[in-house]
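One structure below.
The values are calculated or read from the model by the stated rules, or taken from the named source; none is laboratory data. It should be emphasised that the depicted structure is a prediction, and the values quoted were computed from it without experimental measurement. Cβ coordinates were reconstructed from backbone atoms using ideal geometry, including for glycine residues, and neighbour counts include every protein chain displayed.
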């Protein structure tokens with residue numbers, strides 16, 4: 001696999017915008033990805049006047065080898081740090097994220113006071129024989145290949161070019177550390193235990209065609225987040241797992257902003 005690369009991949013840099021609305025949003029990317037994955041969502045919210053921070057999670061956006069040394073607590077700490085970065089300058093805090101970023105947003109909301117949580121395609125429980133074999137599989141096969149399997153990367157690249165943005169495509173690892181996958185599973189188990197502790201309003205967005213996180217994850221959150229002030233659920237039919245870059249993104253962004261306006265009203 002070679003030596004660790006300390007450089008951040010082009011397009012994987014964190015981004016920060018200071019707004020005037022009094023609302024702070026920490027918007028977090030998913031597993032093995034980078035802030036590039038949620039950049040359009042974060043920028044949309046910044047255009048609405050909110051302060052937005054999009055962190056680069058520990059060991060992401062650099063070198064796949066770095067993921068061997070990351071722990072789920074590191075990723076949770078990155079979101080908590082983002083919360084405390086914005087909190088002194090904002091009256092209300094809203095957390096949002098895609099996939100593992102949504103999971104981490106929910107976990108953070110179980111520890112800290114927030115006005116709302118926006119979780120898109122957040123995994124809570126995944127099934128499959130490979131999941132149960134991972135504790136052994138990670139020794140036999142430390143890494144696995146995860147190439148792009150659809151046309152999303154090409155569509156993202158084309159849209160970046162049309163927008164005049166740096167043409168970086170989807171900035172993600174195509175080689176995954178199975179040890180890091182185990183850390184993700186531990187985080188999911190932790191969220192299952194802490195869902196009843198969340199009291200903030202929830203915005204849930206899932207895709208009916210998601211090959212990675214099926215809709216029963218949304219149902220599980222709805223069932224177990226018994227103390228949430230409210231739960232607003234949306235199912236999108238024209239996207240896959242990466243809702244923030246796929247065909248339904250504009251509608252999802254608009255609905256998330258409407259949610260923010262609802263939960264921050266005095």
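Quick one: is residue 210 touching a residue at least 60 places away in the same chain (Cβ under 8 Å), more than 26 Å from residue 115 (Cα to Cα), in a loop (DSSP other than H, G, I, E, B) and touching a helix residue (DSSP H, G or I) at 6+ places or on another chain (Cβ under 7 Å)?
The answer is no for residue 210.
Where residues in the range 130-165 are part of a loop (DSSP other than H, G, I, E, B) and exposed (fewer than 12 other Cβ atoms within 10 Å of the Cβ), which of them is modelled with the highest pLDDT?
164
Quick check, is residue 180 at pLDDT 95 or above, within 18 Å of the chain's Cα centre (by Cα), within 20 Å of residue 70 (Cβ to Cβ) and part of a helix (DSSP H, G or I)?
no
For the range 191-203, give me each residue that is more than 14 Å from residue 263 (Cα to Cα) and either assigned to a strand (DSSP E or B) or in contact with a helix residue (DSSP H, G or I) (Cβ under 9 Å, 6 or more places away or on another chain) (or both).
Within the range 191-203, 191, 192, 194, 195, 196, 197, 198 meet the criteria.
Counting only residues that are part of a helix (DSSP H, G or I) and either touching a helix residue (DSSP H, G or I) at 6+ places or on another chain (Cβ under 7 Å) or in contact (Cβ under 8 Å) with a residue 12 or more places away in the chain (or both), which one in the range 222-253 is surrounded by the most Cβ atoms within 10 Å (Cβ to Cβ)?
252
Taking the range 15-47 as the region of interest, how many residues are buried (at least 17 other Cβ atoms within 10 Å of the Cβ) and assigned to a loop (DSSP other than H, G, I, E, B)?
Final tally of qualifying residues: 8.
Of all residues in the range 166-177, which are crowded, with 23+ Cβ neighbours inside 10 Å and either assigned to a helix (DSSP H, G or I) or on the phi > 0 side of the Ramachandran plot (or both)?
Result: no residue meets the conditions.
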